[in-house]
Amino acid sequence: MLDRPESTDAVILVSIDFNEPDYEESLYELRQLVTTAGLHITGTIEGKRSVPDAKLFIGSGKAEDLKAMLVASETKLVAFNHDLSPSQQRNLERFLDARVVDRTGLILDIFAQRAQSHEGKLQVELAQLEHLSTRLVKGWSHLERQKGGIGVRGGPGETQLELDRRQLRVRIKQLREKLIKLKSQRNMQRRARKRSNLLAVSLVGYTNAGKSTLFNRLTRSEIYAADQLFATLDTTSRKMHLPELEGYGSVPVVLSDTVGFIKHLPTTLIEAFGATLEEAAQADLLLHIVDMASTNREAQIVQVNKVLHDIGAEKVSQILILNQIDRIDCEPGFDRDEYGKINRIRVSAKTGEGMDYIRLALQEHHAYLKKLSTEKNAYA
């Protein structure tokens, strides 16, 4: 749609330190993102600033360095570890004669590559178009050309920019209507599960924490799981029956795997994936998967809880699943809170250690919900 430089699979990274405490972790994530997108890194430009440059984000000096690196490496694509304004992205592409993508654009591209289900593809397209709509501003050469009004409802002299905006609005409306219908279908499925007395459990967590591996281990499924960001985009649900334990009957469970979260997850993605993320908001219990081997796990827990708050799932009961203990010196086990409920479980989804503790926690939570329901009916 836009007259922009062609890109290849080679990319130069740009990351500026604005004195943020998680800068190194953020740069590490950017490297993982571009690898996940199928790109190979030919260089990295780093720097420190107090605030972004209004025109080129990185300032004219760093822009010159970046341009020289692009020429020397014959690279035509730049990935920024930040969100750029439309004018900054436009100015950089003109100055560098290269394609420029910001962090949000990169994540959207990965989502577009990974979405498999019909609903997932609709959600990604909606997020992409909403992001693109903010980029449709005057400045792209082809958008400045006038178009005749023959057969165009807008009348003579309408610009390509106005046409593009109208087409985007129409398509965005269509996508939202389709997603609303799918949301209605999901609500019907949830009500059916409630009537069947199924325990609805959702796996949530930072991307690449091991959710899909844990899901496969618990449900004996074979959904795609890989050591990369956003390996899972489409929500997958499976029924599982917990074996009878002493004092508990057999518990039917619906376990749902959800998309992983990440720092600075684009707002457009959170909104577009609202129907899917509702699976977490409507669950009886959340298993919050944490990578125990990550040095930044506490910040990741905070980030996941922030997204859960944004989607209205902050009040859903939650158990921390401290995963990947096989990578550190840690034994499987669990802790209880002051009320006697299991609130932390140490496991390895890869080896299977600690899985019985998760099953025990699910049994106990199901019994707790049954007790609440019985007491509620007694007082009704």
query = Taking Arg99 and the conditions (1) more than 23 Å from Thr35 (Cα to Cα); (2) charged (D, E, K, R); (3) crowded, with 18+ Cβ neighbours inside 10 Å, which numbered condition does it fall short on, given that it satisfies the others?
reply = (1)
query = Restricting attention to the range 230-247, does a residue exist that is of a type in the set (D, E, K, R), modelled with pLDDT of 90 or more and assigned to a loop (DSSP other than H, G, I, E, B)?
reply = no
remark   = Exactly one of Ala37, Ala79 is of a type outside the set (S, T, N, Q), closer than 13 Å to Val14 by Cβ and touching a residue at least 12 places away in the same chain (Cβ under 8 Å), and that residue is Ala79
task = Could you give me the residue pairs with C-beta distances under 6 Å whose first residue belongs to the range 290-307 and is outside the structural domain of Tyr28 (by TED's automatic domain parsing), whose second residue is polar (S, T, N, Q) wherever it lies, and which are 6+ apart or on separate chains?
result = Asp291/Gln324; Met292/Gln324; Ala293/Gln324
message = Looking for something modelled with pLDDT of 85 or more, outside the structural domain of Ser250 (by TED's automatic domain parsing) and crowded, with 16+ Cβ neighbours inside 10 Å - is there at least one such residue anywhere in the range 185-207?
response = no
query = So is Leu265 at pLDDT 75 or above and either in the same structural domain as Asp83 (by TED's automatic domain parsing) or buried (at least 18 other Cβ atoms within 10 Å of the Cβ) (or both) or not?
reply = no
message = If a residue must be modelled with pLDDT under 90 and not β-branched (Val, Ile, Thr), how many such residues does the range 34-62 contain?
response = 2
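Going by the conditions given, is His82 in a helix (DSSP H, G or I) and closer than 26 Å to Ile16 by Cβ?
In short, no.
The values are calculated or read from the model by the stated rules, or taken from the named source; none is laboratory data. Nothing here was measured: the structure is a model prediction, and the numbers come from that model. Positions of Cβ are generated from backbone atoms using ideal geometry, with glycine treated the same way; all protein chains shown enter the neighbour counts.
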